[in-house]
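Since the structure comes first, as structure tokens, the remarks are kept for the end.
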Amino acid sequence: MPNIAFTFKRVSKSNFELFPTLHTNAEQTVTYFFTFCTYMNFTFTTLDLVIIVGYIAAIVAYGFYHRKAGSSEEYFLAGRNMPWYVIGISMFSANISSNSLIAITGGAYKGGIVFFNYEWMASIVLTFFCLFILPFYLKSQVYTMPEYFEKRYDVRSRYYFSFITLVGNIFIDTAGTLFAGVVIAKLVYPEANTVLIVSLLAIFAAGYTIFGGLSSVMRTEMVNTIILLVSALILSVIVYEKAGGYSAIMEYASSKDPSFTHLVQPLGHPDMPWPGLLLGVPLLGFYFWCNNQFIVQRALSARDANQARKGALFAALLKIPILFLLVIPGLAALKLYPNLQEMYAGQLKNYSDGAYPTLVFQLLPAGLIGLVVAGFLAAMASAVSATLNSASTLVTMDFVQKFRPDMDSKGLVRAGQIATVVFMVITVAWAPQIANFESLMNYMQSVLALISPPVVAIFLIGLFWKRANADGAFAALMAGLVIALFTVISEVTGMSAGWNGVHFLIKAPIIFAICAVIQIAVSLATAPPPAEKTTGFIWNNGVYNEDSEALKGVAWYENYRVMAVILLVITFAVVFYYR
């Protein structure tokens, strides 16, 4: 097959400064990735292009093939009939995407293996999720996390949490991901129309989502994740060989900085001080894995509780190999290309973000490069389809059904499809404006990160304390919002240098503690919750005993508790070795 070169135009510094304000993860990832392509004057071969185009066609067809939209349960929860392996891979896919390939490898290049702490913590959080939380979600038959908050507290908590989730899904996650595609196209074809680019990307990513619902999203996520993992595995094997093997990589990293090969760091560490690892990482992990509509919606799609639990534990297990697929290759890049800072001077704001694409384009042959680019497109499609489906579920079940309780199942599906189209239009209109609102986007993300502790606080207290009531929960949420707004304002104005200097992984548990105290105090000062707000929503020994009875006679390899123990043993062995 003859090679037909599709050459990117070289990007000068002035060209790159057309996009000086891109800081959302998805945007930054793809911007840096393709900026590197142009910087190296990279050309696609015919084989690379065939792989990329073939992927796009195949994934759309696959998504349509697995569509389910006959009823609201089919459309929003895939008919509650998903097997454990699809759930596990889909949950993993919601966490690992194209930005993770860049961020994790680049983080290891610059700071060592400490960022792996975010990955292995999923084992502890998801084990807790399976033991204490998932049974209540499944028994309550909810569609959304805000809906669960109304059942336990009241409609105020539901609407507040739903609104926050929608803001994040539409104006940050989806729009940011689409704008990343704009940056790619503008780097290659500066004269291309921005709205047209965004529209085409949105149609590609959202087409099967509109018609197929969660089933299409999860099935395509499974394929996309496999593409990502295969490309990462192939690259890591080549990287280990080129760098002289695992021992040589670790020895070199340790010689550069002894802390690079350890997970536990001292109090003054800039990326992860040990109190942040102990308290902050689990708290943020709990919000992501246990309260996030992205994740929990996939668990709710399971055909039974056992499938949901096995899927969640499988997702946690998939996080462990990230150490060897992405983290240690970052250390290998440090050994193979120690001068990235000089290479990308004036090109990248953070030179370490060039580590992963450097490995890709310096070490992979034609064809495999196409596979990696297809993997990036796969992650982009997964992110857009997942956020749109999640947002449409929230609007339909938290707002439409609330105001139109007489609407039948087909009507709810139609409402979800319309919501998806509306959100797609909003993101197409919003995405081109992101470059003009750097501060807004950054601070919106900061606010969303800051308000997760109060959500976790009212959830955990409501799960284990019968006396927690709606007034206490709403007071805690509002207190968290006030703290978040104060933090944003103080960072802009510099009026609170002391608070601004606290590491965000330490701020999170402080906010959590404040909100927990407020919820407890207000709950005690007001009337107890009515029985319907606590019956079936408070964890007790009866829940554990009922679960134990259901597990009698189940083979050990089918018992999720045994699986959880095995998962934790593997995780703690890895953590202990690299401590």
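Scan the stretch 451-468 for residues that are of a type outside the set (F, W, Y), surrounded by fewer than 24 Cβ atoms within 10 Å (Cβ to Cβ) and part of a loop (DSSP other than H, G, I, E, B) and the total you get is 3. Look through the stretch 205-251, keep the residues that are modelled with pLDDT under 90, of a type in the set (S, T, Y) and farther than 18 Å from I104 by Cβ, and return whichever of them is nearest to the chain's Cα centre (by Cα). Ranking the qualifying residues of the stretch 205-251, first place goes to T220. Here I89 meets each of (1) surrounded by fewer than 17 Cβ atoms within 10 Å (Cβ to Cβ); (2) at pLDDT 65 or above with one exception, condition (1). You will find that of L331, L313, the residue that is touching a Gly at 6+ places or on another chain (Cβ under 8 Å) and over 26 Å from Y240 (Cα atoms) is L313 and no other. Taken as a whole, the condition of being more than 26 Å from A484 (Cα to Cα) and modelled with pLDDT under 70 does not apply to P405.
Considering only residues that are closer than 15 Å to T534 by Cα and buried (at least 20 other Cβ atoms within 10 Å of the Cβ), which ones fall in the stretch 148-158? Y148, F149, E150, R152, Y153, listed by residue number.
Considered as a group, the residues in the stretch 124-148 that are touching a helix residue (DSSP H, G or I) at 6+ places or on another chain (Cβ under 6 Å) and modelled with pLDDT of 90 or more include one that is farthest from R303 (Cα to Cα), and that residue is V125.
The values are calculated or read from the model by the stated rules, or taken from the named source; none is laboratory data. Keep in mind that what you see is a predicted model, and the values were worked out from it rather than measured. Cβ atoms come from the backbone with ideal geometry, glycine included; neighbour counts cover every protein chain shown.
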